[in-house]
Amino acid sequence: MSEIRLAAETRTEFGKGAARRARRAGFVPGVVYGHGHTPVHLNLPGHDLMMALKTPNALLVVPIEGKDEYVLPKAVQREAIKRTIEHVDLLLVKRGEKVTVEIPVHTEGELAAGGNLLEHVLQALPIEAEATHLPEAVTVSVEGLEAGASVLAKDIVLPANVSLAVDADAVVLQVIAAQAAPAEEEGAEAEGAEA
C-alpha cells in the first residue's frame, strides 16, 4: 500500500462555528491521537481526504509540528444526506508497528450449479499487520462450492507478515441453497391469476 501525503494545517479555533468555517473553505476538521501524545487538531484538505479514504485503511502522511507522521483513519463522520466528510479521527502509527484493521473480502469464481447463494458472514476480515504494509483486500476462490460449504478464516491465504485477528474457525463465507417455492403454492397462484 502506498502512502498518501496530505497537506494539513494545525487548527487553532474550536467549536461548531470554527468547524463550519473550515468546511466552507474546503477543509475537514480532524484530530490525531495515539502513542501517548497530546491530541493534535488539524484541518485537512476536503477533496484530497475524500479521495484518499476511497482506499480501505489508507496510510496517510500528515505534517504535525513540522514533522511528517504516519496516520490511519480510525473514525470518519459523514453528513447524513450528502455523505460529505464532516470530521475524521486519525490514529498515529510508527513504521514497523503492528496494527489491527479490517480488510475487505473479495470473491472470484462461480458456485456449483443449482441456484446456490453466497453469504458473506464477515464483510471484512480482521487482521494484524505492519502499519506501513497493510493489504488492501484478500481474494477467496469460491469456484465449485456447493450448498452447505463454508470458508473459514483459517482457509484464507494471507500475505506474508499478516496474521488473523479473529478466531481461526470463524466462518467468513458460506454457500446456502436457494429457497424454492412449494409446488402446491405455485399451482394456487396460477389458478388465482386465471380467475
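The values are calculated or read from the model by the stated rules, or taken from the named source; none is laboratory data. This one's a predicted model, so the numbers in the text were calculated from it and none came from an experiment. In this analysis, Cβ positions are derived from the backbone assuming ideal geometry, glycine residues included, and neighbour counts consider all displayed protein chains. Just so you know, the surface numbers come from the protein's heavy atoms only, side chains and all, with ligands and any DNA or RNA stripped out. Shrake-Rupley method; radii C 1.70, N 1.55, O 1.52, S 1.80 Å.
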Report task. Looking only at region 45-73, count how many residues are under 18 Å from the mean Cα position of the chain (by Cα) and either farther than 14 Å from Ala7 by Cβ or touching a residue at least 60 places away in the same chain (Cβ under 8 Å) (or both). Result -> 10
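Rundown of residues vs (1) of a type outside the set (Val, Ile, Thr); (2) open to solvent by less than 90 Å² (accessible area, probe 1.4 Å); (3) free of Cβ contacts under 8 Å to residues at least 12 places away in the same chain; (4) assigned to a strand (DSSP E or B), yes/no style:
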{"residue": "Glu13", "(1), (2), (3), (4)": "yes, no, yes, no"}
{"residue": "Arg21", "(1), (2), (3), (4)": "yes, no, yes, no"}
{"residue": "Pro39", "(1), (2), (3), (4)": "yes, yes, yes, yes"}
{"residue": "Asn43", "(1), (2), (3), (4)": "yes, yes, no, yes"}
{"residue": "Ala75", "(1), (2), (3), (4)": "yes, yes, no, yes"}
{"residue": "His87", "(1), (2), (3), (4)": "yes, yes, no, yes"}
{"residue": "Leu92", "(1), (2), (3), (4)": "yes, yes, no, yes"}
{"residue": "Val101", "(1), (2), (3), (4)": "no, yes, no, yes"}
Query raised in the report: Do we have any residue at all in region 55-73 that's open to solvent by less than 50 Å² (accessible area, probe 1.4 Å) and either on the phi > 0 side of the Ramachandran plot or in contact with a His (Cβ under 7 Å, 6 or more places away or on another chain) (or both)?
Result: yes
Report summary line: Within region 1-11, of all residues that are open to solvent by less than 70 Å² (accessible area, probe 1.4 Å) and of a type outside the set (Lys, Arg), the one farthest from Ile85 (Cα to Cα) is Met1
Report summary line: For region 24-37 the number of residues that are touching a helix residue (DSSP H, G or I) at 6+ places or on another chain (Cβ under 7 Å) and either part of a helix (DSSP H, G or I) or hydrophobic (A, V, I, L, M, F, W, C) (or both) is 2
**Report entry** Extreme residue, surrounded by the most Cβ atoms within 10 Å (Cβ to Cβ), among residues of region 160-172 that are free of Cβ contacts under 8 Å to residues at least 60 places away in the same chain and more than 21 Å from Leu59 (Cα to Cα)
**Finding:** Val166
Query raised in the report: If a residue has to be among the charged types (D, E, K, R) and under 19 Å from Glu136 (Cα atoms) to count, how many in region 69-93 make the cut?
Result: 1
Report summary line: Inside region 110-159, the number of residues satisfying the requirement of being closer than 16 Å to Val172 by Cα, touching a residue at least 60 places away in the same chain (Cβ under 8 Å) and open to solvent by 50 Å² or more (accessible area, probe 1.4 Å) is 1
Report task. Determine whether region 114-123 contains at least one residue that is under 21 Å from Val71 (Cα atoms) and polar (S, T, N, Q). Result -> no
